[in-house]
Number of protein chains: 2
Amino acid sequence: MTPTITAFQRSPDRGRGLARDMPVRWALEEVGQAYDVRLVSFSAMKEPAHRALHPFGQIPTYEEGDLALFESGAIVFHIAERHAGLLPDDANARARAITWMFAALSTVEPPILELATARLLEGDKPWSKERLPLVEDRVRDQLKQLSVRLGDDDWLDGGFSAGDLMMVSVLRRLNRSGLLDEYPNLSAYVARGEARPAFKRAFDAQLAVFTAASTG
Amino acid sequence: MTPTITAFQRSPDRGRGLARDMPVRWALEEVGQAYDVRLVSFSAMKEPAHRALHPFGQIPTYEEGDLALFESGAIVFHIAERHAGLLPDDANARARAITWMFAALSTVEPPILELATARLLEGDKPWSKERLPLVEDRVRDQLKQLSVRLGDDDWLDGGFSAGDLMMVSVLRRLNRSGLLDEYPNLSAYVARGEARPAFKRAFDAQLAVFTAASTG
């Protein structure tokens with residue numbers, strides 16, 4: 001059965017692939033699962049029909065028969081659990097890959113989200129200039145520790161896994177901040193993720209939505 | 001095999017059960033799994049021996065034979081996967097319970113963490129008084145939507161699950177903020193979680209560590 005995901009009708013990042021449908025598309029491409037996409041407008045996202053699928057009125061959602069999920073992390077995990085390619089077979093290695101999924105979303109991402117909020121929602125506030133360096137330092141705290149752990153390895157724990165997929169997705173939010181450049185092994189790690197054919201297919205697919213909306 | 005978790009030698013919340021060993025203890029109590037606790041000082045948490053277990057130098061960690069995990073969400077999931085009681089048997093219901101785990105950590109918690117940061121790390125900044133209401137409103141945005149979804153139900157999706165365990169754990173960080181009181185069904189939901197015998201055993205165990213450290 002072909003699952004259906006939702007994505008922004010007009011991507012607020014102008015096709016840079018930072019919306020949360022991107023990790024889901026990437027996971028589906030990694031495992032070779034075809035999928036349908038239903039585009040949702042900002043107003044429709046807040047309507048009861050969409051909220052029945054996503055209580056927080058966001059994208060992505062995932063529908064497959066009578067199963068409906070939301071949360072990109074949960075959807076990626078669901079895909080990883082049901083298809084080969086994103087979680088190791090060995091039980092301990094599998095548990096560690098899942099740990100990195102949670103670490104990406106629960107430890108590394110919160111200060112990155114705070115930085116985005118500081119720029120997008122508080123960029124015009126009188127405290128913005130003085131406060132931004134504090135927020136950036138909190139991002140650096142996590143990047144530094146992640147950089148040490150990654151070291152010279154290609155991926156966080158052995159082969160590429162759903163943990164790397166989520167971590168690269170989270171770190172990509174920093175692409176324009178310059179912060180990632182301070183940690184060359186993390187920059188290379190993100191580039192390694194972005195170079196995967198499955199990433200490229202997913203990226204092109206979401207970009208095509210933005211391009212079509214812009215020219216349509 | 002009895003797993004070993006790590007916890008703060010001296011809890012920074014003075015035994016209020018807001019440290020991240022609490023959801024792990026709670027999960028272990030829910031499934032009836034005995035566990036050992038190794039207490040770690042703030043300085044030892046940053047040492048290489050502990051960082052080998054937890055790359056971000058935090059608690060909790062989870063060791064069981066040759067498996068070592070970190071991240072409370074990942075550890076709770078590991079426990080839930082291996083023991084009955086925290087995830088439904090039905091495949092779709094199980095996927096939805098996992099979705100709520102991710103929603104707790106990835107959607108509901110980030111603004112709550114930002115509020116804690118605003119108070120603890122930026123409480124003395126000149127912008128604190130003017131900025132705090134903005135941060136609180138971002139927390140309210142999520143609480144309101146969660147409140148609508150929960151409605152009159154006892155738990156987020158059928159019976160109590162690991163999703164509720166994580167969500168209640170996340171919401172408990174707001175206990176002293178007054179924000180939860182604005183959503184009576186969420187207050188009642190948290191109280192319902194805290195009333196579970198397994199929660200109480202876990203809470204008492206972590207409080208005993210603080211009490212012993214204070215009087216020892």
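Less than 20 Å from a label point 7 Å out along the Cα-to-Cβ axis of B:ASP181: which backbone N atoms in region B:97-139 qualify, by residue?
Residues B:112, B:115-116, B:119, B:132-139 qualify, since their backbone N sits under 20 Å from the label point.
For q values of 0.12, 0.15, 0.20, 0.25 Å⁻¹, compute log₁₀ I(q)/I(0) with the Debye formula on a Cα-only model of region A:140-216, without solvent.
-0.38, -0.56, -0.87, -1.20
At a Cα cut-off below 29 Å, give the lysines reachable from B:LYS129, other chains included and same-chain residues fewer than 8 away excluded.
Reachable lysines: A:LYS125, A:LYS129, B:LYS144.
GNM, chain A, Cα, under 10 Å: largest mean-square fluctuation among A:GLU64, A:GLU194, A:GLU29?
Answer for the Gaussian network model of chain A: A:GLU64.
With an 8 Å Cα cut-off and a minimum separation of 6 or more residues, compute the relative contact order for chain B in percent.
Relative contact order comes out at 28 percent.
At a threshold of 8 angstrom on Cα-Cα distance, excluding pairs fewer than six apart, so keeping six or more, what relative contact order does region A:91-196 reach in percent?
Reported as a whole number, the value is 37 percent.
Could you pull the Cα extents of region B:44-137 along its three principal axes, largest to smallest, in whole Å?
50, 39, 15
Taking the Cα of A:ARG82, stepping 7 Å toward and past its beta carbon, and measuring to each backbone N in region B:79-107: which are under 17 Å?
Answer for region B:79-107: B:88-100.
In whole Å, what is the distance between the alpha-carbon centres of region B:104-177 and region B:11-81?
22 Å
Please compute the volume of the convex hull spanned by the alpha-carbon atoms of the protein assembly as shown and report it per residue in Å³.
150 Å³
If I build a Gaussian network model for chain A, linking alpha-carbon pairs within less than 10 angstrom, which residue out of A:ASN175, A:ASN185, A:ASN92 has the largest mean-square fluctuation?
Result: A:ASN92 has the largest fluctuation of those listed.
Applying 1/(1 + (r/R0)^6) with R0 = 60 Å to the Cβ-Cβ distance of A:ASP36 and B:ALA195, what FRET efficiency is obtained, to the nearest 0.05?
0.85
Starting from the Cα coordinates of chain B, work out the convex hull volume and express it per residue in Å³.
Given the Cα convex hull of chain B, per-residue volume reads 132 Å³.
Set the Förster distance to 60 Å, then compute FRET efficiency between B:LEU121 and A:THR215 from the Cβ-Cβ distance, nearest 0.05.
0.85
Of the residues A:GLN206, A:GLN58, A:GLN145, which exhibits the maximal mean-square fluctuation in a Gaussian network model of chain A defined by a 10 Å Cα contact cut-off?
A:GLN145
Taking a quarter of the surface of the convex hull around the Cα atoms of region B:1-59, what do you get in nm²?
Mean orientational projected area (region B:1-59, Cα hull): 4.3 nm².
Kindly provide the helix-only [θ] at 222 nm of chain B, computed as the sum of -39,500 (n - 2.57) over DSSP H runs of four or more divided by all residues, to the nearest 500 deg cm²/dmol?
Rounded to the nearest 500, the figure is -17000 deg cm²/dmol.
Can you quote the Å³ per residue value for the convex hull of the Cα atoms in region B:91-196, rounded to an integer?
With only Cα atoms used, region B:91-196 gives 90 Å³ per residue.
Rounded to the nearest 0.05, what FRET efficiency do B:ALA208 and B:GLU130 have when you use their Cβ-Cβ distance and R0 = 41 Å?
The pair B:ALA208/B:GLU130 has a calculated efficiency of 0.50.
Values quoted throughout were computed directly from the atomic coordinates according to the rules given, and no laboratory measurement underlies them. Source: prediction; values computed, not measured. Cβ sites come from the backbone with ideal geometry, for glycine too, and all protein chains shown count toward neighbours.
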